[in-house]
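Asker: Below is one structure. I have some questions about it.
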Number of protein chains: 2
Amino acid sequence: MALIVHKYGGTSMGSTDRIRNVAKRVAKWVRAGHQMVVVPSAMSGETNRLLGLAKELSPASVTAEVNRELDMIAATGEQVSVGLLAIALQAEGVQAVSYTGWQVPVSTDSSHTKARIESIDDKRVRADLAAGKVVVIAGFQGIDANDNITTLGRGGSDTSAVAIAAAMKADECLIYTDVDGVYTTDPRIVPEARRLHTISFEEMLEMASLGSKILQIRSVEFAGKYKVPLRVLSSFTPWDIDINEEAKSGTLISFEEDENMEQAVVSGIAFNRDEAKVTLLGVPDKPGIAFQILGPVAEANIDIDVIIQNVSHDGKTDFSFTVHRNDYARTMELLQSTVGPATNAGKVVGDAKICKVSIVGIGMRSHVGVASKMFRALSEEGINIQMISTSEIKTSVVIDEKYMELAVRALHKAFDLDQDAVAA
Amino acid sequence: MALIVHKYGGTSMGSTDRIRNVAKRVAKWVRAGHQMVVVPSAMSGETNRLLGLAKELSPASVTAEVNRELDMIAATGEQVSVGLLAIALQAEGVQAVSYTGWQVPVSTDSSHTKARIESIDDKRVRADLAAGKVVVIAGFQGIDANDNITTLGRGGSDTSAVAIAAAMKADECLIYTDVDGVYTTDPRIVPEARRLHTISFEEMLEMASLGSKILQIRSVEFAGKYKVPLRVLSSFTPWDIDINEEAKSGTLISFEEDENMEQAVVSGIAFNRDEAKVTLLGVPDKPGIAFQILGPVAEANIDIDVIIQNVSHDGKTDFSFTVHRNDYARTMELLQSTVGPATNAGKVVGDAKICKVSIVGIGMRSHVGVASKMFRALSEEGINIQMISTSEIKTSVVIDEKYMELAVRALHKAFDLDQDAVAA
């Protein structure tokens with residue numbers, strides 16, 4: 001008997017028929033002797049519907065008071081889901097009880113619409129499990145120290161599920177979603193993309209942060225921090241497939257670098273076209289210049305990703321960084337009106353038509369020549385690299401957006417990702 | 001400065017435009033210097049939508065566990081409403097904060113789907129009011145001693161509003177709805193029906209329990225018990241009508257029999273066609289026979305309304321009672337299979353095509369001949385009376401359903417209800 005946490009996304013909960021299928025699948029796991037905690041998302045479309053209503057009524061400026069009410073409203077989507085799923089489980093002859101975030105309670109800070117989980121009290125849940133019940137817990141939400149309802153941001157149900165699995169020391173956390181695992185890259189771009197049987201949580205972290213939409217990045221951080229074995233698998237397999245087969249399907253995100261782990265140098269290719277690049281040309285190269293440029297940007301609450309400063313030339317240098325494309329206009333305005341003049345920059349230029357392509361792999365730690373192999377592959381396709389950024393287990397390049405698919409395909413091939421490295 | 005509770009029904013909250021109108025109306029009351037607590041219902045249609053989803057998934061038998069989940073699901077309708085209304089108020093430049101039932105908290109017993117309020121802690125609400133905020137509280141819901149979400153049953157938001165007004169000793173509780181007050185009878189049946197400026201809570205109790213759908217009966221009981229001045233008024237007047245005019249509109253349900261109260265002997269005509277009549281013919285007239293008949297009915301959880309036992313004849317009597325029409329088939333089955341044989345009844349007969357028509361008036365206490373005037377009016381129309389039931393302030397008759405409208409019109413006229421008894 002193991003303690004298992006299942007998480008089901010909005011698509012899996014999208015209709016009463018689908019909820020019934022989720023109930024049948026969970027019931028199968030119960031009958032196999034497992035203690036089950038289930039964390040569903042809101043029915044697909046529901047969160048958007050609720051926030052759409054709120055947006056129609058909101059004042060022009062979104063204050064902390066407005067955000068508190070947005071959480072009040074959005075949290076109901078998951079509350080409906082847990083009630084419906086508990087009833088569907090009861091209809092399957094399985095004892096089940098549902099809880100909201102505050103009922104568990106899942107304690108968070110007070111950052112409405114993007115709260116962070118601080119602690120989870122599992123006493124009530126444990127008592128129900130001991131009494132033979134399935135416990136269905138609303139994802140995406142918690143309660144702050146003043147009894148206000150909070151939410152964890154988009155995709156927050158993943159984080160809820162992993163945090164609950166961590167708090168309860170669950171044997172595994174299974175994230176059921178509309179894809180059947182983590183791929184070497186997006187199969188819509190590279191048809192030869194291959195599902196990974198295993199990926200290290202560090203690689204998953206890079207893949208998630210680089211634009212792979214499978215898991216909320218914070219859920220992966222949580223899984224790594226608390227060593228929760230995490231599996232991403234499809235909720236579209238028939239509910240009655242063999243449980244042993246199901247338990248091995250999808251992709252395991254492992255915190256252990258065990259021998260079975262696929263030993264490819266590069267595990268996957270991630271990409272992201274949500275960024276834009278800005279450059280201050282001819283900035284005087286003196287101490288403190290980076291802070292002088294980026295301080296005001298951070299103060300304006302603009303997130304910065306890649307930063308590049310070239311060596312100086314005649315006492316001047318070019319300083320580039322990327323921001324989210326939604327912040328591009330605001331960033332350019334800020335640089336042109338304030339930061340540029342203040343730093344005596346020669347000129348401010350920008351480009352929103354860029355993309356970032358990254359190779360990710362734990363093997364890069366111990367292999368040399370990986371980055372240069374990447375650059376050669378791109379060069380062979382005539383793709384100019386505009387910026388380069390590296391970390392221990394990834395190398396990212398910023399290139400012209402129009403070369404994105406070509407670059408991803410070329411890198412996928414160059415690193416032999418279409419070949420199954422090890423047997424499942 | 002007064003402390004005022006507003007309650008808005010589902011129709012008044014039916015769209016973002018209507019919610020914006022509610023916010024503008026409440027803002028007007030705030031600007032007039034009042035402390036405001038607002039209790040909205042779920043957006044119209046929402047509770048039915050949610051319970052419809054639940055019904056599709058429910059097991060055949062509705063257990064306490066299912067009811068707990070139904071409350072979990074249904075309570076979200078009001079939670080969305082309070083968040084939306086708080087945001088709309090903020091957009092009007094009014095400070096506002098919303099609370100669910102559990103956040104107040106509104107403590108109830110554990111009877112899921114029909115819980116009763118036990119106590120309300122007004123500390124948090126008072127602090128917000130003192131800080132100049134409008135407090136928006138979710139109606140229809142509460143929390144039991146084990147932190148489960150409970151709901152108060154259909155129309156429960158009325159009860160929430162009155163209970164909150166009682167707990168906070170509010171100066172008045174205004175129930176905004178889709179009718180503009182309490183009428184002498186249903187204007188769809190009697191076009192001459194007149195809106196009452198005032199009605200005693202006892203009369204309102206009879207009107208409500210007899211099928212007038214304006215207020216949940218428990219809210220009227222609460223208002224009477226805690227002496228909460230209650231006003232029913234229209235939410236369809238323009239939000240910017242003069243506040244003094246608005247404050248005097250609708251119908252005041254008063255717990256004081258003051259001099260301004262309309263002194264008509266009969267205040268209104270109520271009717272109800274949701275009942276059915278069953279009769280055991282030729283039952284041996286012996287002690288305990290009523291319990292022998294009605295005990296099994298009560299045990300089957302069937303509510304009984306009017307009960308008639310005629311004087312006996314040759315040691316036998318006829319025993320009749322009415323039940324809700326939805327329970328008619330089940331009651332007939334029970335009498336024919338079990339109760340009839342057990343009591344040696346001669347025969348079981350029933351009739352679902354009946355209706356109950358009642359005259360209600362506090363003046364009946366001190367006036368004789370009111371009932372006979374009623375019977376004469378019906379007799380003049382050739383309407384046969386099948387059963388009669390009386391209380392201190394009402395007289396009800398059961399008649400053939402097809403005469404209902406005729407009876408209501410005749411009684412409305414006989415008691416001069418189309419004449420305005422006193423000036424407003």
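Asker: So which residues in segment A:381-399 are of a type in the set (Gly, Ala, Ser) and either at pLDDT 90 or above or in a helix (DSSP H, G or I) (or both), if there are any at all?
Answerer: The first filter runs over segment A:381-399 and keeps only residues of a type in the set (Gly, Ala, Ser), leaving A:382, A:389, A:391, A:396.
A:Gly382, A:Ser396, listed by residue number.
Asker: Considering each of B:Thr76, B:Thr63 in turn, give the residue that is at the interface with another protein chain (Cβ under 10 Å from one of its Cβ atoms) and without any contact (Cβ under 8 Å) to a residue 24 or more places away in the chain.
Answerer: Going through B:Thr76, B:Thr63 in turn, the sole match is B:Thr63.
Asker: Another one. If you check B:Ala163 against the conditions, is it open to solvent by 10 Å² or more (accessible area, probe 1.4 Å) and either outside any strand (DSSP E or B) or more than 14 Å from chain A (Cβ to nearest Cβ) (or both)?
Answerer: Numbers: open to solvent by 10 Å² or more (accessible area, probe 1.4 Å): no; either outside any strand (DSSP E or B) or more than 14 Å from chain A (Cβ to nearest Cβ) (or both): yes.
When the stated conditions are applied, B:Ala163 does not pass them.
Asker: Which of (1) open to solvent by 30 Å² or more (accessible area, probe 1.4 Å); (2) modelled with pLDDT under 95; (3) within 14 Å of chain A (Cβ to nearest Cβ) is the odd one out, the single condition B:Thr11 does not satisfy?
Answerer: Condition not satisfied by B:Thr11: (3).
Asker: Oh, and also: Can B:Arg20 be described as surrounded by fewer than 21 Cβ atoms within 10 Å (Cβ to Cβ) and at the interface with another protein chain (Cβ under 7 Å from one of its Cβ atoms)? Break it down into steps so the answer makes sense when it comes.
Answerer: Working: surrounded by fewer than 21 Cβ atoms within 10 Å (Cβ to Cβ): yes; at the interface with another protein chain (Cβ under 7 Å from one of its Cβ atoms): yes.
Considered against the rule, which asks whether it is surrounded by fewer than 21 Cβ atoms within 10 Å (Cβ to Cβ) and at the interface with another protein chain (Cβ under 7 Å from one of its Cβ atoms), B:Arg20 comes out as yes.
Asker: Select, from B:Val370, B:Val360, the only residue that is more than 23 Å from B:Val278 (Cα to Cα), in contact with a Gly (Cβ under 7 Å, 6 or more places away or on another chain) and surrounded by 14 or more Cβ atoms within 10 Å (Cβ to Cβ). First the steps, then the outcome.
Answerer: Working: B:Val370 fails: in contact with a Gly (Cβ under 7 Å, 6 or more places away or on another chain).
Checking each option against the conditions leaves just B:Val360.
Asker: Determine which single condition B:Thr63 fails, assuming it passes every other condition in (1) open to solvent by less than 20 Å² (accessible area, probe 1.4 Å); (2) modelled with pLDDT under 95.
Answerer: Result: B:Thr63 fails condition (1) only.
Asker: Consider only pairs whose beta carbons are under 8 Å apart and that are at least six residues apart or on different chains; among these, list those whose first residue lies in segment B:300-327 and is within 18 Å of B:Gly340 (Cα to Cα) and of a type in the set (D, E, K, R) and whose second residue is open to solvent by 70 Å² or more (accessible area, probe 1.4 Å) and modelled with pLDDT under 85.
Answerer: B:Asp318/B:Gln309; B:Asp318/B:Asn310
Asker: Residues A:Leu417, A:Leu378, A:Leu335: which one is open to solvent by less than 30 Å² (accessible area, probe 1.4 Å) and either assigned to a loop (DSSP other than H, G, I, E, B) or among the hydroxyl-bearing types (Ser, Thr, Tyr) (or both)?
Answerer: Values: A:Leu378 fails: either assigned to a loop (DSSP other than H, G, I, E, B) or among the hydroxyl-bearing types (Ser, Thr, Tyr) (or both); A:Leu335 fails: either assigned to a loop (DSSP other than H, G, I, E, B) or among the hydroxyl-bearing types (Ser, Thr, Tyr) (or both).
Just one listed residue meets the conditions, A:Leu417.
Asker: Hey, another quick one. Looking at A:Leu89, A:Leu53, which one is surrounded by fewer than 24 Cβ atoms within 10 Å (Cβ to Cβ) and within 14 Å of chain B (Cβ to nearest Cβ)?
Answerer: Values: A:Leu89 fails: surrounded by fewer than 24 Cβ atoms within 10 Å (Cβ to Cβ).
One residue alone meets the criteria, A:Leu53.
Asker: Right, next: Would you confirm whether or not segment A:95-113 contains a residue that is at pLDDT 95 or above, open to solvent by less than 10 Å² (accessible area, probe 1.4 Å), in a helix (DSSP H, G or I) and in the same structural domain as A:Thr159 (by TED's automatic domain parsing)?
Answerer: No, segment A:95-113 contains no residue that is at pLDDT 95 or above, open to solvent by less than 10 Å² (accessible area, probe 1.4 Å), in a helix (DSSP H, G or I) and in the same structural domain as A:Thr159 (by TED's automatic domain parsing).
Asker: Could I ask something else about it? Residues to consider are A:Ile293, A:Ile289; find the one that is touching a Leu at 6+ places or on another chain (Cβ under 7 Å) and surrounded by 14 or more Cβ atoms within 10 Å (Cβ to Cβ). First the steps, then the outcome.
Answerer: On the way: A:Ile289 fails: touching a Leu at 6+ places or on another chain (Cβ under 7 Å).
Within the list A:Ile293, A:Ile289, the selection yields A:Ile293.
Asker: Further, regarding this structure: Looking at this structure, is B:Arg365 assigned to a helix (DSSP H, G or I), within 26 Å of the chain's Cα centre (by Cα) and surrounded by fewer than 14 Cβ atoms within 10 Å (Cβ to Cβ)? Steps first, please.
Answerer: Working: assigned to a helix (DSSP H, G or I): yes; within 26 Å of the chain's Cα centre (by Cα): yes; surrounded by fewer than 14 Cβ atoms within 10 Å (Cβ to Cβ): yes.
For B:Arg365, the condition - assigned to a helix (DSSP H, G or I), within 26 Å of the chain's Cα centre (by Cα) and surrounded by fewer than 14 Cβ atoms within 10 Å (Cβ to Cβ) - is met.
Asker: If you go through segment A:117-136 one residue at a time, do you hit one that is assigned by TED's automatic domain parsing to the domain that holds A:Pro40, within 17 Å of A:Gly77 (Cβ to Cβ) and surrounded by 24 or more Cβ atoms within 10 Å (Cβ to Cβ)? Give the derivation first.
Answerer: At the first step, the residues of segment A:117-136 found to be assigned by TED's automatic domain parsing to the domain that holds A:Pro40 are A:117-136.
Of the ones still in play, those that are also within 17 Å of A:Gly77 (Cβ to Cβ) are A:136.
From what is left, the residues that are surrounded by 24 or more Cβ atoms within 10 Å (Cβ to Cβ) are A:136.
There is at least one residue in segment A:117-136 that is assigned by TED's automatic domain parsing to the domain that holds A:Pro40, within 17 Å of A:Gly77 (Cβ to Cβ) and surrounded by 24 or more Cβ atoms within 10 Å (Cβ to Cβ).
Asker: Hey, can you tell me all the residues within segment B:198-212 that are of a type outside the set (Asp, Glu) and touching a residue at least 24 places away in the same chain (Cβ under 8 Å)?
Answerer: Step one: of segment B:198-212, the residues of a type outside the set (Asp, Glu) are B:198-201, B:204-205, B:207-212.
Listed by number, the residues that qualify are B:Thr198, B:Ile199, B:Ser200, B:Phe201, B:Met204, B:Met207, B:Leu210, B:Gly211, B:Ser212.
Asker: Then there's this: Is it the case, given these coordinates, that A:Ala42 is hydrophobic (A, V, I, L, M, F, W, C), assigned to a loop (DSSP other than H, G, I, E, B) and either within 24 Å of B:Ile137 (Cα to Cα) or touching an Asp or Glu at 6+ places or on another chain (Cβ under 7 Å) (or both)? Steps first, please.
Answerer: Numbers: hydrophobic (A, V, I, L, M, F, W, C): yes; assigned to a loop (DSSP other than H, G, I, E, B): yes; either within 24 Å of B:Ile137 (Cα to Cα) or touching an Asp or Glu at 6+ places or on another chain (Cβ under 7 Å) (or both): yes.
Taking the combined requirement at face value, the residue satisfies it.
Asker: Across segment A:302-314, what is the number of residues that are surrounded by fewer than 16 Cβ atoms within 10 Å (Cβ to Cβ), in a loop (DSSP other than H, G, I, E, B) and at pLDDT 85 or above?
Answerer: Selection size over segment A:302-314: 1.
Asker: Could you check how many residues of segment B:23-50 are within 11 Å of another protein chain (Cβ to nearest Cβ) and farther than 12 Å from B:Leu89 by Cβ? Even if it seems obvious, please write down each step before you answer.
Answerer: Looking only at segment B:23-50, we keep the residues that are within 11 Å of another protein chain (Cβ to nearest Cβ), and these are B:23, B:42-43, B:46, B:49-50.
Right, trim to farther than 12 Å from B:Leu89 by Cβ and you get B:42-43, B:46, B:49-50.
Number of matching residues: 5.
Asker: Here's another thing I want to ask about it. Can you list residue pairs whose Cβ atoms sit under 9 Å apart, with the first residue in segment B:279-294 being more than 9 Å from B:Thr317 (Cα to Cα) and the second being of a type in the set (Ser, Thr, Tyr) and modelled with pLDDT of 90 or more? Count only pairs 6 or more apart in sequence or on different chains.
Answerer: B:Thr279/B:Ser320
Asker: Moving on. Of the conditions (1) surrounded by 16 or more Cβ atoms within 10 Å (Cβ to Cβ); (2) modelled with pLDDT of 90 or more; (3) β-branched (Val, Ile, Thr), B:Val265 fails just one. Which one is it?
Answerer: (2)
The values are calculated or read from the model by the stated rules, or taken from the named source; none is laboratory data. On a predicted model such as this, the values are computed, not experimentally measured, just so you know. Quick reminder, even Gly has a Cβ in these numbers, built from the backbone with ideal geometry, and neighbours come from all protein chains shown. Side chains are part of the model used for accessible areas, which takes the heavy atoms of the whole protein and leaves out ligands, DNA and RNA. Shrake-Rupley method; radii C 1.70, N 1.55, O 1.52, S 1.80 Å.
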